[in-house]
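S.K.: Quick one: this structure, given as structure tokens, is what I'll be asking you about.
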Amino acid sequence: MKILQAVLFLLLLINLSLSAQILTESKLPIVIINTDANEIPDEPKIPATMGIIDNGVGQINNVGDAYNHYDGHIGIETRGNSTQLYEKKHTRLSFGMKQRMKSQHRY
């Protein structure tokens, strides 16, 4: 559940306008998705990498910290028919069957 919350938090940050503050640290987990500067299409999913930084409850997470909860490959695409025309698009992530969380915590 926490991973889903972290992903949703990241997607919210991705969709903020350019005049927004740049995130460098947070007490919330930080999720970083790298598409190698490729635009995220409606279909098909494109390959990307994702890392989750979560140093624990009450700890500060910095974007430069090592990925300590997830570090692996994902597929990503935008989703929805009517929402494709909106500025803020919904995305869908898929994880390979071999990808595992580094932490044994259950969320």
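S.K.: Do you know which of the residues in segment 47-63 that are more than 14 Å from the chain's Cα centre (by Cα) and in contact (Cβ under 8 Å) with a residue 12 or more places away in the chain is surrounded by the most Cβ atoms within 10 Å (Cβ to Cβ)?
M.R.: The extreme case among them is N61.
S.K.: Turning to a different aspect of this structure: Which of the residues that make up segment 51-88 are at pLDDT 95 or above and among the acidic types (D, E)?
M.R.: D54, D65
S.K.: Go through segment 75-85 and give me each residue that's in a loop (DSSP other than H, G, I, E, B) and exposed (fewer than 11 other Cβ atoms within 10 Å of the Cβ).
M.R.: Selection gives N81 alone.
S.K.: Residues of segment 64-74 being loosely packed, with under 15 Cβ neighbours inside 10 Å and either in a strand (DSSP E or B) or of a type outside the set (A, V, I, L, M, F, W, C) (or both), which ones?
M.R.: G64, H73
S.K.: I'd like to verify a number: residues in segment 18-46 that are over 18 Å from K89 (Cβ atoms), in a loop (DSSP other than H, G, I, E, B) and either in contact (Cβ under 8 Å) with a residue 40 or more places away in the chain or among the β-branched types (V, I, T) (or both), how many?
M.R.: 4
The values are calculated or read from the model by the stated rules, or taken from the named source; none is laboratory data. Note that the structure is a prediction, hence the values are computed from the model and not measured. Neighbour counts are summed over all protein chains in view; Cβ atoms, including those assigned to glycine, are modelled from backbone coordinates with ideal geometry.
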